[in-house]
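These notes are about the structure you will find just below.
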């Protein structure tokens, strides 16, 4: 199966504010997570070559678990950003509880794309998320997004530093340079995605 053909079939399925609203817990789910200003939704749109995920100049617009179906068994999940925009505390608390429930209980989760602004990688919550994923033996692939904002030399230096920092988490955590704007690194990310979706 061709991964690009599969991704071209993507359709919005639903937005969930409760875990029980999600599709039946089987098949393959791959999640996009990241800080609110990391360009997470733009990365998801670049993967699918469609404007499926909402993007905004205001960080934190994704406020629910958004489910996108590729076929009957494969889904991409767009999570609320962490380090949220200004929202009422009760809403923020609900988002956090919803995300925690998903990551603890969802058995069909196969992998996590963690989106970071390459200029500001490995913030506290990124590290917490990585440590949780490693403990749960769920693979994480970091997309150091917005590489178009740096020179190649600067991007390479940042990647080297990130790889050094995540070495203790190997082989469960990997990283690459990425740009949703320029589609830099997309073919590499597709290679990571394929086995998570059970594609040879």
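Coordinate-derived values only; no laboratory data. Note that this is a predicted model, so its numbers are computed, not measured. Every residue, glycine among them, receives a Cβ derived from its backbone with ideal geometry; neighbour counts consider all protein chains shown.
Counting Cα-Cα pairs of the range 99-200 in 5 Å increments starting at 0 gives whole-percent bin shares of 2, 12, 23, 23, 20, 13, 5, 1, 0. Packing around the peptides 115-124, 188-197, taken as the average count of other Cβ atoms within 10 Å per residue, puts them in this order, highest first: 115-124, 188-197. Of the peptides 177-187, 145-155, the order by per-residue mean of other Cβ atoms within 10 Å, starting with the highest, comes out as 177-187, 145-155.
Kirkwood-based Rg over Rh for the range 3-196 (C-alpha set), two decimals? The Rg/Rh ratio comes out at 0.93. Mean sequence separation of contacting Cα pairs (under 8 Å, at least six apart), scaled by the length of the chain, corresponds to a relative contact order of 24 percent.
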